[in-house]
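All remarks here apply to the structure that follows.
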Amino acid sequence: MKRYIFPSSIETARALILHLVKLMIDDPDRTFYMAVSGGTTPALMFDLWANEYSDITPWGRLKIFWVDERCVPPENSESNYGMMRSLLLGAVPIPYENIFRIKGESNFRKEAARYSKLVKEEVPQENGLPVFDVVLLGAGSDGHTSSIFPGQEELLSTEEIYAPNVNPNNGQKRIALTGLPILNARLVIFHITGRSKAEVVWDMCNSGDTGPAAYIAHHAENVELFMDAAAGENL
Ligand code: 6PG
């Protein structure tokens, strides 16, 4: 796993935006399929992207999907789509038809099946799995990624593209991109900042498959870690 470490979360966000934009600019003749995570870490990146890097981004060639979603309506503050819409998607000229949200307000079993079918139809496939150009992941301090939590490792090998799941810490219903399509991506990028993530970052870089984030970090063919010094302090 390639590691990129920066003094602050802002510098990490800037570097990651420029990295993603460069990937698209270096391949100017095609559509770019990206699956994004939610949580708090990407909020800074989305805000910076909208305010400082929108003009250099080929929005018409970018299709946005979600790694996971909390089963709440878009206007709920917990919504990963709602957060990205308010900070980025509503502020840049990305075509509406390029945004494929998970409908958190729907029945989570039906929506997991609907979204799995949609992704199979919209995203190029290889080995019977979608091939995202980038799957952008975070990691919880407990070692989860996507919405796959420790103890739910069966979601790392299930045949479902997206699975209905539950956050065991609070019972919140989730819909999660599972392990095989994550590993099938051209590039997996972890975006992790903050001192609270120093242990999970150490695990991802040095331990065995101690949790879903470490497993993906160890088994993905092309995987990068963008982190700030605080998250990397134990390395
Ligand atoms: C989610 C995310 C999840 C997130 C980690 C880190 O819906 O919560 O997709 O996998 O990346 O929980 O979250 P923070 O960035 O809030 O620490």
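The values are calculated or read from the model by the stated rules, or taken from the named source; none is laboratory data. Remember, it's a predicted structure, so these values are computed and weren't measured experimentally. All Cβ positions, even for glycine, are placed from backbone atoms using ideal geometry, and neighbour counts span all protein chains on display.
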So F190 passes all but one of these: (1) among the hydrophobic types (A, V, I, L, M, F, W, C); (2) over 21 Å from A230 (Cβ atoms); (3) surrounded by 22 or more Cβ atoms within 10 Å (Cβ to Cβ); (4) in contact with a strand residue (DSSP E or B) (Cβ under 7 Å, 6 or more places away or on another chain). Which condition number does it fail?
(2)
Hey, could you check segment 203-230 for residues that are surrounded by 21 or more Cβ atoms within 10 Å (Cβ to Cβ) and in contact with a Gly (Cβ under 6 Å, 6 or more places away or on another chain) and say which is nearest to L136 (Cα to Cα)?
A213
Failed item, numbered, when R114 is tested on (1) of a type in the set (K, R); (2) within 25 Å of M24 (Cα to Cα); (3) part of a helix (DSSP H, G or I)
(2)
Criterion: modelled with pLDDT of 95 or more and either more than 16 Å from the ligand (Cβ to nearest atom) or of a type in the set (K, R) (or both) - qualifying residue of E121, E111:
E121
What is the one condition in (1) within 30 Å of E11 (Cβ to Cβ); (2) at pLDDT 95 or above that S207 does not satisfy?
(2)
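Is there a residue in segment 174-182 that is surrounded by fewer than 20 Cβ atoms within 10 Å (Cβ to Cβ), of a type in the set (D, E, K, R) and touching a residue at least 24 places away in the same chain (Cβ under 8 Å)?
Narrowing segment 174-182 to residues surrounded by fewer than 20 Cβ atoms within 10 Å (Cβ to Cβ): 180.
In the following step, the residues that additionally are of a type in the set (D, E, K, R) were identified as none.
Looking through segment 174-182, none of the residues is surrounded by fewer than 20 Cβ atoms within 10 Å (Cβ to Cβ), of a type in the set (D, E, K, R) and touching a residue at least 24 places away in the same chain (Cβ under 8 Å).
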Any chance you could count how many residues in segment 75-89 are surrounded by fewer than 18 Cβ atoms within 10 Å (Cβ to Cβ) and touching a residue at least 24 places away in the same chain (Cβ under 8 Å)?
2
For segment 173-191, the count of residues that are out of contact with any Ser or Thr (no Cβ under 9 Å at 6 or more places or on another chain) and closer than 14 Å to C71 by Cα equals 1
So which residues in segment 91-111 are closer than 24 Å to I56 by Cα, not acidic (D, E) and not in a loop (DSSP other than H, G, I, E, B)?
A91, Y96, N98, I99
Would you pick out the residues in segment 16-59 that are within 16 Å of the ligand (Cβ to nearest atom), among the hydroxyl-bearing types (S, T, Y) and in contact (Cβ under 8 Å) with a residue 24 or more places away in the chain?
S37, T41
Checking R109 against (1) touching a strand residue (DSSP E or B) at 6+ places or on another chain (Cβ under 7 Å); (2) charged (D, E, K, R); (3) surrounded by 17 or more Cβ atoms within 10 Å (Cβ to Cβ), which test does it fail?
(3)
Restrict the check to segment 77-100 and report whether at least one residue is over 19 Å from N170 (Cβ atoms), of a type in the set (D, E, K, R) and in contact with a helix residue (DSSP H, G or I) (Cβ under 6 Å, 6 or more places away or on another chain).
no
Provide a single number: the residues in segment 184-206 that are more than 10 Å from the ligand (Cβ to nearest atom) and touching a helix residue (DSSP H, G or I) at 6+ places or on another chain (Cβ under 6 Å).
2
